[in-house]
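Q: Before I ask anything, here is the structure I am working with.
The values are calculated or read from the model by the stated rules, or taken from the named source; none is laboratory data. The shown structure was predicted, so the numbers you read here are calculated from the model rather than taken from an experiment. Because the Cβ atoms are built from the backbone with ideal geometry, glycine has one as well, and the counts that use them run over all protein chains shown.
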Amino acid sequence: MTVSLHHIVIDAHDLPALARFWAGVLQWRVLSEREREVVIGPDENAPVGICFMPVTDRKVVKNRLHLDLNPGADDRQAEIDRILALGGRRVDIGQTGTETWTVLADPEGNEFCVLRPKSTLTA
């Protein structure tokens, strides 16, 4: 038997609000909402979802793990603007200005990147 990725877990102070933000960004939906766990995904049978779990301490350093988002063939800047309108914000983690990605953060400060459009995992 082979293991597979089931959930990406994100610690959160406000589980429902952060889940709604990410559901909006990814155009997914909330699949399960409990007091100590909120799960989002494209549908209940999707191979991977995101699970939000409660945390009491606040984020103080750059994430050790972050998500890279592929804007597809659509307008990358339009996707960045859409994410900013949902509550994301631009962050500076030492970029030089020549990167092919834009660093943003969700409402609780978790960094993520919007890449240039990609068609493969390695290109």
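Q: Name the single residue, out of those in the range 25-76 being polar (S, T, N, Q) and more than 17 Å from the chain's Cα centre (by Cα), that is farthest from Arg116 (Cα to Cα).
A: So, considering only residues that are polar (S, T, N, Q) and more than 17 Å from the chain's Cα centre (by Cα), the one farthest from Arg116 (Cα to Cα) is Thr56.
Q: Among (1) out of contact with any Ser or Thr (no Cβ under 6 Å at 6 or more places or on another chain); (2) of a type in the set (A, V, I, L, M, F, W, C); (3) crowded, with 17+ Cβ neighbours inside 10 Å; (4) not in a strand (DSSP E or B), where does Ile40 come up short?
A: Result: Ile40 passes all but (4).
Q: Pairs, please: C-beta under 6 Å, at least 6 apart or cross-chain, first residue closer than 15 Å to Leu15 by Cβ and in the range 54-66, second surrounded by fewer than 13 Cβ atoms within 10 Å (Cβ to Cβ) and not β-branched (Val, Ile, Thr)?
A: Filtered contacts from the range 54-66: Pro54/Arg36.
Q: How do the pairs read when you match residues in the range 83-111 that are closer than 17 Å to Lys62 by Cα with residues anywhere that are among the aromatic types (Phe, Trp, Tyr) and not in a loop (DSSP other than H, G, I, E, B), using Cβ under 8 Å and keeping only pairs 6 or more apart or on different chains?
A: From the range 83-111, the pairs are Gly88/Phe21; Val103/Phe112; Leu104/Phe112; Ala105/Phe112; Asp106/Phe21; Asp106/Trp22; Asp106/Phe112; Pro107/Phe21.
Q: Can you spot a residue in the range 96-114 that is touching a Ser or Thr at 6+ places or on another chain (Cβ under 9 Å) and small (Gly, Ala, Ser)?
A: The answer is no, given that none of the residues of the range 96-114 is touching a Ser or Thr at 6+ places or on another chain (Cβ under 9 Å) and small (Gly, Ala, Ser).
Q: Within the range 72-115, work out how many residues are touching a helix residue (DSSP H, G or I) at 6+ places or on another chain (Cβ under 7 Å) and in a strand (DSSP E or B).
A: Total meeting the criteria: 3.
One line per residue, one yes/no per condition, for (1) modelled with pLDDT under 95; (2) surrounded by 11 or more Cβ atoms within 10 Å (Cβ to Cβ):
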site: Met53; (1), (2): no, yes
site: Asn63; (1), (2): yes, yes
site: Leu86; (1), (2): no, yes
site: Asp106; (1), (2): no, yes
site: Ser119; (1), (2): yes, no
